[in-house]
Amino acid sequence: MGQLAQALILGVLVGGVYALASSGMNLIFGVMKVANLAQGAMLILSSYLTYSLWEATGLDPLVLVLLTTPSLLLVGWVTYYLVVERSRTTDASMALVTSFGLALVTKGVVALVWGNDLHSVSPGYANRSFAVLGMKLPQAQVYATMVAAVVLVALYVLLTRTWLGRSIRATATSSEGARLIGIDVRRTWAASYAIGIAAAGAGGSLLSVLYPFMPSTSDHWIGLLLSIIVLGGMGSLPGSVVGALLIAVAESLTTTYVSPDWATAVPYVAIIAVLVVRPQGLLGARLREDMSRA
């Protein structure tokens, strides 16, 4: 029983970080209706920025979220106006291909600047644990989950309590309707994309403390992020949280009772199962084109 509780708690802790990492991708899809395949590469870019800043300044990598988040916000804003917006003038398939191209370019830039060697960020508490009721809770995971929760709450407040957030939600519902009530949809798309990439900035800093990384690691993360948002519901931020927790707990249980090698298959099994049983995800709404085929 103690082993089960340990596995569940570890899964929940990791799931909090997964939720933050996937929230930006889900926000971009919810507003722009395009899966941003560059999100995994942006996570790794943030991880490398965290690594360089940590080595240069000695600051706690979790504190460096305050630097990587606005940095990636700027990257997202510039990338949108220089690249993404141009692809949106054609069709959704071209926007998807463009995001894939951005992922390749970002991976190439990261490899050129930092090399292809495996890196990790290891603060003093990386190998320490809290002892709670006979269970060991890794301090790095506890602290990372706390920071992820704060950032997710800030994102929720932004989307529900600010004019920008209302504009984003209106545009996600109907871009034409948003235009009719005076919302600048072009700027709202840009802001949504930038905020989504900024969320990757925060998530990348946290993940750099938990897992080693290299440029090709982005391939693993984009697969995991896609599984989370497909499971939770594409375009649903609450779905990101639910999907992330379920995937992380499933990975933890698989690692504990089966094998760590099989844990990497959990996200892909989840994608297949959801697409067969409930294509819109747990909390996702059916699209109009889906309903027309029903």
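A few comments on the model shown:
- Cα gyration tensor category, rounded, prolate or oblate, for segment 199-265 with a/c compared to 1.5: oblate
- Pair GLU176, ASP219: separation of 7 Å Cα→Cβ label points (nm): 4.2
- Close amide H contacts of LEU282 (hydrogens built in the peptide plane, cut-off under 5 Å, sequence separation of 5 or more or a different chain): GLY232, GLY233.
- Helical content alone sets the calculated 222 nm signal of the chain at -24500 deg cm²/dmol, taking -39,500 (n - 2.57) per DSSP H segment of four or more residues and averaging over every residue.
- Cα→Cβ-extended label distance, 7 Å offset, between SER120 and LEU66, nm: 2.8
- Anisotropy class of segment 1-117 from Cα gyration tensor, a/c 1.5 cut: oblate
- The modelled label-to-label distance between VAL12 and VAL258, using points 7 Å beyond Cα along the C-beta direction, is 2.3 nm.
- In sequence order, calculated HN-Hα J values of segment 265-277 (Karplus, 6.51, -1.76, 1.60; Hz; x Gly/Pro): 7, 4, x, 6, 5, 4, 4, 4, 5, 5, 4, 7, 8
- Furthest towards positive pole of dipole, LEU64, ALA140, LEU155, structure part segment 2-277, Cβ charges: LEU155
- Dividing the radius of gyration of the alpha carbons in the chain by their Kirkwood radius gives 0.97 for Rg/Rh.
- With Cα atoms, 0 to 90° folded angle of helix 185-210 axis to the chain main axis: 10
- Farthest toward the positive end of the dipole of segment 2-277, out of GLY223, GLY108, SER240, is the Cα of SER240, where the dipole comes from beta carbon charges about the Cα centre.
- In order along segment 7-17, phi translates into HN-Hα couplings of 5, 5, 5, 4, x, 5, 4, 5, x, x, 6 Hz, rounded to whole numbers, per the Karplus curve 6.51 cos²θ - 1.76 cosθ + 1.60 with θ = phi - 60° and x for Gly and Pro.
- The phi torsions of segment 40-45, fed into the Karplus equation with coefficients 6.51, -1.76 and 1.60 and a -60° offset, translate into couplings of x, 5, 5, 4, 5, 4 Hz, rounded to whole numbers, with Gly and Pro shown as x.
- Cβ charges +1 (Lys, Arg) and -1 (Asp, Glu), total dipole of the chain, debye: 760
- Under 5 Å between amide hydrogens, built in the peptide plane, is the criterion, and for SER129 it picks out GLN139 among residues at least 5 positions away or on other chains.
We did not get these values from a lab; they are worked out from the coordinates using the rules stated. All of these numbers come straight from a predicted model, not from anything done at the bench. As a convention, Cβ positions derive from the backbone with ideal geometry for all residues, glycine included, and neighbour counts pool all protein chains shown.
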